[in-house]
Amino acid sequence: MSDEANTPREVMPYDVLVIGAGPAGLSCAIRVKQEASKAGKDISVCVIEKGSEVGAHVLSGVAIETTALSELFPDWKEKGVLSSLVPVSKDRISFLTKSMSFLLPTPPAMNNHGNYITSLGVFVRWLASQAEELGVEIYPGFGGAEVLYDDKGAVKGVATGDMGIGKDGKPGSRFARGVELHAKQTIFAEGCRGSLTAKVIEKYNLAADCDPQSYGLGVKEIWEVQPENFSAGLVQHTMGYPVDIATYGGSFVYHWKDNKVMLGFITGLDYQNTYLSPYEEFQKFKLHPKIKKVLGKGKRIAYGARAISEGGLQSIPKLSFAGGALVGDAAGFLNMPKIKGTHTAMKSGILAADAVMEALGKNETEPSSYQERFEKSWLYKELYAARNIRPSFHYGFLFGLMWSGLDSMILRGHAPFTFRTKREDYEATKPATECKKIVYPKPDGVITFDKTSSVFLANVFHEEDQPSHLKVKDWNIENNVTIPIYDAPETRYCPAGVYELVQDEPNGKPRLQINASNCVHCKTCDIKDPRQNIEWVVPEGGGGPNYQEM
């Protein structure tokens with residue numbers, strides 16, 4: 001490494017540092033500033049975001065509940081966000097077979113009366129504007145690459161990644177040293193499977209007393225449809241087709257505004273068949289007569305994919321540690337039965353902010369009251385009532401379906417026991433010899449599409465001359481286990497065509513080629529690789545997808 005790369009990094013000190021400008025991180029930053037203002041204190045708050053702009057990397061349905069929003073801004077309706085919010089007009093839940101659709105009763109948890117359909121990207125950009133008005137400093141294009149610790153082992157901030165490192169690992173002509181951001185409290189709001197969050201959880205053993213996290217992969221598109229196929233405010237969810245009864249999955253179809261329909265399919269990453277492709281399951285879903293009718297003569301205008309934390313209450317780790325806290329999907333606050341995480345993420349940010357303000361006031365290193373605040377909040381009660389829904393599907397789809405109806409409609413989440421998640425998602429993957437190959441229909445370019453054209457719509461950009469941010473830990477495992485035994489599952493579970501099998505010689509062994517520039521930062525490879533041999537790390541800041549309305 002050259003002397004240039006070893007020069008000391010600039011240090012920027014703050015009271016509170018937030019990693020990630022999603023709904024949780026921005027809510028936390030806003031709340032800190034609000035409480036500081038009430039107390040007449042000058043508390044400096046900084047938010048860094050690895051996306052090229054706020055909202056570039058967020059993706060969700062999203063039918064938002066306004067509970068936490070109202071806590072943060074009681075006058076939010078007067079603050080300019082309403083233009084992007086469409087009131088939910090109707091709920092429909094259906095069970096699909098290959099050609100039929102059966103309407104189901106709407107469970108209380110999935111009643112969207114009073115909720116709003118919106119774009120999470122648009123919503124968080126609005127949150128960012130509110131944060132900046134309060135004095136929060138927001139720096140997009142800066143990814144946290146390293147957690148920094150003080151001499152007592154407490155988190156003291158993060159360092160952003162160096163820019164301009166070439167593929168050979170050496171500084172290039174555009175090299176710029178990263179910056180150290182120091183803070184009394186560092187809040188990790190990276191979203192699902194955050195790379196720095198994982199290191200903090202491991203260092204402080206935060207997951208010692210919780211279940212393994214379970215995940216789903218959401219693949220989403222936005223379409224402009226014909227006016228006759230559009231119904232503003234309509235919320236549709238489906239289960240069943242196209243996945244089999246051994247696989248957890250379901251869809252959302254939200255009619256937003258301006259004839260725009262947001263639709264997606266979430267596949268549980270505890271699926272067993274190594275030949276399953278969540279991307280292709282979504283494309284297949286769109287061919288169902290009920291869905292194809294909505295999209296007919298329409299135009300696809302956006303694409304994206306993102307993993308979500310599905311485990312629920314039992315999988316939430318300890319929330320605080322020396323020097324900071326975890327918020328939002330980084331900790332796993334998603335309410336899976338509702339298929340909602342924005343209001344829960346925001347509430348976690350609010351609770352963490354209150355604990356941080358208390359810790360700063362007492363000059364304490366750990367915001368330890370966060371855990372108690374959570375357990376006394378409506379957020380805990382909501383997640384407790386939902387705790388058995390997703391884990392019940394570990395006992396089979398039919399059991400999960402029946403239990404969900406019983407728990408939601410009759411027990412209302414008050415069963416005298418709790419289902420547990422006992423294994424990691426990657427452990428569910430079966431060897432290729434135990435699986436039946438799945439033949440997916442070829443894309444027609446009208447309703448269904450290939451991954452290459454989809455990635456184009458995600459506006460993905462990565463600086464080509466940089467080390468790959470997708471790290472194969474041991475190529476012997478890849479070449480001798482993952483490829484021959486599991487038949488290279490990364491070529492199917494990745495929704496962006498990052499992983500590709502190529503054969504250099506007619507009689508040579510196939511090898512894995514990593515097209516890192518295609519990556520949409522969904523984190524699926526980090527989660528689903530059957531031998532945990534792939535690690536996702538932060539690329540140069542500003543890289544990745546550039547979602548506008550996802």
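The values are calculated or read from the model by the stated rules, or taken from the named source; none is laboratory data. Remember, predicted model here, so these are calculated numbers, not experimental data. Here the Cβ positions follow ideal geometry from the backbone for every residue, glycine too, while neighbour counts run over all protein chains shown. For accessibility, only protein heavy atoms count, side chains too; no ligands or nucleic acids. Shrake-Rupley method; radii C 1.70, N 1.55, O 1.52, S 1.80 Å.
Quick test of your reading of the structure: residue 353 fulfils all but one of (1) in a helix (DSSP H, G or I); (2) within 22 Å of residue 247 (Cβ to Cβ). Name the failing condition by number. Against the list (1) in a helix (DSSP H, G or I); (2) within 22 Å of residue 247 (Cβ to Cβ), residue 353 comes up short only on (2). If the condition is being surrounded by 14 or more Cβ atoms within 10 Å (Cβ to Cβ) and either at positive phi or of a type outside the set (S, T, N, Q) (or both), then region 28-40 contributes 28, 29, 30, 31, 32, 33, 35, 36.
When you scan region 497-541 for strands (runs of 3 or more DSSP E) that lie fully inside it, which ones turn up with 2 or more residues that are touching a strand residue (DSSP E or B) at 6+ places or on another chain (Cβ under 9 Å) and touching a residue at least 24 places away in the same chain (Cβ under 8 Å)?
511-514, 534-536
Residue 469 versus (1) touching a residue at least 40 places away in the same chain (Cβ under 8 Å); (2) surrounded by fewer than 19 Cβ atoms within 10 Å (Cβ to Cβ): which is the lone unmet condition? The failed condition is (2). Looking across 413, 400, one residue alone is in contact with a His (Cβ under 9 Å, 6 or more places away or on another chain) and under 24 Å from residue 95 (Cα atoms). It is 400.
Pick from region 484-493 the residues that are out of contact with any Phe, Trp or Tyr (no Cβ under 6 Å at 6 or more places or on another chain) and without any contact (Cβ under 8 Å) to a residue 60 or more places away in the chain: which of them is nearest to residue 527 (Cα to Cα)? Spell out how you get there, then give the answer.
First pass over region 484-493, keeping only residues out of contact with any Phe, Trp or Tyr (no Cβ under 6 Å at 6 or more places or on another chain): 484-489, 492-493.
Imposing the further condition that a residue be without any contact (Cβ under 8 Å) to a residue 60 or more places away in the chain reduces the set to 484-485, 488.
Working: 484: 20, 485: 18, 488: 15 Å.
Per the stated criteria, the residue is 488.
Entry remark, region 357-377: residues being open to solvent by 50 Å² or more (accessible area, probe 1.4 Å) and either more than 16 Å from residue 327 (Cβ to Cβ) or charged (D, E, K, R) (or both) number 11 in total. Restricting 534, 483 to those that are hydrophobic (A, V, I, L, M, F, W, C), open to solvent by 10 Å² or more (accessible area, probe 1.4 Å) and farther than 30 Å from residue 138 by Cα reduces the list to 483. Of the residues making up region 292-334, those that are open to solvent by 10 Å² or more (accessible area, probe 1.4 Å) and not in a loop (DSSP other than H, G, I, E, B) number 13.
Scan region 178-200 for residues that are charged (D, E, K, R) and closer than 30 Å to residue 426 by Cα and jot them down. Outline the logic, then answer.
Step one: list which residues in region 178-200 are charged (D, E, K, R), which gives 180, 184, 190, 193, 199.
Within region 178-200, 190, 193, 199 meet the criteria.
Take region 180-214 and flag every residue that is of a type in the set (Asp, Glu), within 28 Å of residue 12 (Cα to Cα) and out of contact with any strand residue (DSSP E or B) (no Cβ under 6 Å at 6 or more places or on another chain). Can you show your working first?
The first filter runs over region 180-214 and keeps only residues of a type in the set (Asp, Glu), leaving 180, 190, 202, 209, 211.
This time we only want the ones that are within 28 Å of residue 12 (Cα to Cα), so: 180, 190, 202.
Passing the criteria: only 202.
Taken together, the criteria exclude residue 142 from residues that are of a type outside the set (Asp, Glu), farther than 30 Å from residue 182 by Cβ and modelled with pLDDT of 95 or more.
Among the residues of region 376-407, write down those that are outside any helix (DSSP H, G or I) and closer than 21 Å to residue 316 by Cβ. Walk me through it before giving the result.
If we filter region 376-407 for residues that are outside any helix (DSSP H, G or I), which is where we start, we get 376-377, 386-388, 396.
Those that are outside any helix (DSSP H, G or I) and closer than 21 Å to residue 316 by Cβ: 376, 377, 386, 387, 388.
The criterion of at least 2 residues that are open to solvent by 50 Å² or more (accessible area, probe 1.4 Å) is met by the following strands (runs of 3 or more DSSP E) wholly inside region 161-249: 171-176.
Quick check on region 67-89. Is at least one of its residues under 26 Å from residue 218 (Cα atoms), open to solvent by less than 10 Å² (accessible area, probe 1.4 Å) and of a type in the set (Val, Ile, Thr)? There is at least one residue in region 67-89 that is under 26 Å from residue 218 (Cα atoms), open to solvent by less than 10 Å² (accessible area, probe 1.4 Å) and of a type in the set (Val, Ile, Thr). So, of the residues in region 270-291 that are of a type outside the set (A, V, I, L, M, F, W, C) and part of a helix (DSSP H, G or I), which turns out to be surrounded by the fewest Cβ atoms within 10 Å (Cβ to Cβ)? Across region 270-291, the extreme among qualifying residues is 289. Filtered by the rule that a residue be closer than 19 Å to residue 392 by Cα, in a loop (DSSP other than H, G, I, E, B) and open to solvent by 70 Å² or more (accessible area, probe 1.4 Å), region 409-462 gives 412, 414, 416, 417, 420, 422, 423.
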